[in-house]
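S.K.: Once you've had a glance at the structure underneath, I'll fire off some questions.
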Amino acid sequence: RAKNAPEAKASTAAQKLGVIVACSLLYAMMCSPMLWHAQVANVVPGAWLPVTHVGLALQWSGALLESVADHQKSAHKKTFANATDDEKESMNTWCDVGTYAQCRHPNYLGELVFWFGLFLAGVPAMATRGWWSFAPAVLGLAFIAKLMTSQCAKQDEKQKARYEGDENYAAWTRA
């Protein structure tokens, strides 16, 4: 995986630095709502407090969903790898247990919920600063949403190619 990372594909030090700077800027934009909050939390009107609380709850929920989903997928892979051949015949090679029984990409969903929660929690602080404070946050949120949805599409394509003709997989994707 490390060999496929953008910074590993860069051939010169300047290209690697460019990738690192671009990623740093992206994360700064995505975290900007909380940076604004840290600066002006004491002047945010109390009426905005429920918005901040809902945003924080979404952050924690998203982080928990992503963690649980990653753990379930890892445990499924380990169980499948350690199963006997007879046991493997009754198991699906793709993860379809736990959160994956309800959603094909719960880990990506959890990440999206986390970043949306961070954005929402920072809205009251950004509103005290002016419309321009929303710009980096909206760009960061739009980028991460595009990245996560494109990763879902890539994963769906890979799995479709891998399990084409498998009726159990087709039924799972239709559910």
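S.K.: Kindly report the accessible area of the chain per residue (heavy atoms of protein chains, probe 1.4 Å, no ligands, DNA or RNA), in Å². Kindly include the intermediate steps, with their values, before the conclusion.
M.R.: Working: 11100 Å² over 175 residues.
Value for the chain: 63 Å² per residue.
S.K.: Quote the Stokes-Einstein diffusion coefficient, in whole µm² s⁻¹, for segment 85-136, based on the Kirkwood radius over alpha carbon pairs, a temperature of 20 °C and a viscosity of 1.002 mPa s. Working shown, then result.
M.R.: Details: Rh = 14.3 Å.
Translational diffusion coefficient: 150 µm²/s.
S.K.: Sort 136-149, 101-114, 34-47 for me by packing, meaning the mean count of neighbouring Cβ atoms within 10 Å per residue, highest on top. Please list the in-between numbers first.
M.R.: Working: 136-149: 16.4, 101-114: 19.0, 34-47: 13.4.
Per-residue mean Cβ counts within 10 Å order the peptides as 101-114, 136-149, 34-47.
S.K.: Projected onto the charge dipole of the chain (+1 at Lys/Arg Cβ, -1 at Asp/Glu Cβ, origin at the Cα centre), which of G110, T84, Y27 gives the Cα projection farthest towards the positive end?
M.R.: Highest projection toward the positive end goes to Y27.
S.K.: What do you get for the angle between helix 134-163 and the principal long axis of the chain? Use alpha-carbon atoms, 0 to 90 degrees, nearest ten.
M.R.: 0
S.K.: Read through the labelled values (1) 1.08; (2) 0.93; (3) 1.10 and report the label of the one computed as Rg/Rh (Cα atoms, Kirkwood Rh) from the structure.
M.R.: The listed entry that was calculated here is (1).
S.K.: Would you please name the trypsin sites (Lys or Arg not before Pro) within segment 1-98 that are DSSP coil residues with at most 14 other C-beta atoms within 10 Å of their C-beta?
M.R.: Details: sites: R1, K3, K9, K16, K73, K77, K78, K88; in loops: R1.
For trypsin sites (Lys or Arg not before Pro) across segment 1-98 that sit outside H, G, I, E and B with at most 14 neighbouring Cβ atoms in 10 Å, the list reads R1.
S.K.: Using the structure shown, select from K9/K146; K16/K146; K88/K146 the pairs with a Cα to Cα distance greater than 28 angstrom.
M.R.: Working: K9/K146 22 Å; K16/K146 23 Å; K88/K146 36 Å.
Violating the 28 Å Cα-Cα cut-off are K88/K146.
S.K.: Starting from the Cα gyration tensor of segment 1-103, take the square roots of the eigenvalues, sort them a ≥ b ≥ c, and report rounded, prolate or oblate (rounded when a/c is under 1.5, otherwise prolate if a/b is larger than b/c, else oblate).
M.R.: Numbers: a/c = 5.20, a/b = 1.38, b/c = 3.78.
Cα axes put segment 1-103 in the oblate bin.
The values are calculated or read from the model by the stated rules, or taken from the named source; none is laboratory data. Every value quoted in this text rests on a predicted model; they were computed, and no experiment measured them. All Cβ positions, even for glycine, are placed from backbone atoms using ideal geometry, and neighbour counts span all protein chains on display. Protein only, heavy atoms only, side chains kept; ligands, DNA and RNA dropped before computing areas. Shrake-Rupley method; radii C 1.70, N 1.55, O 1.52, S 1.80 Å.
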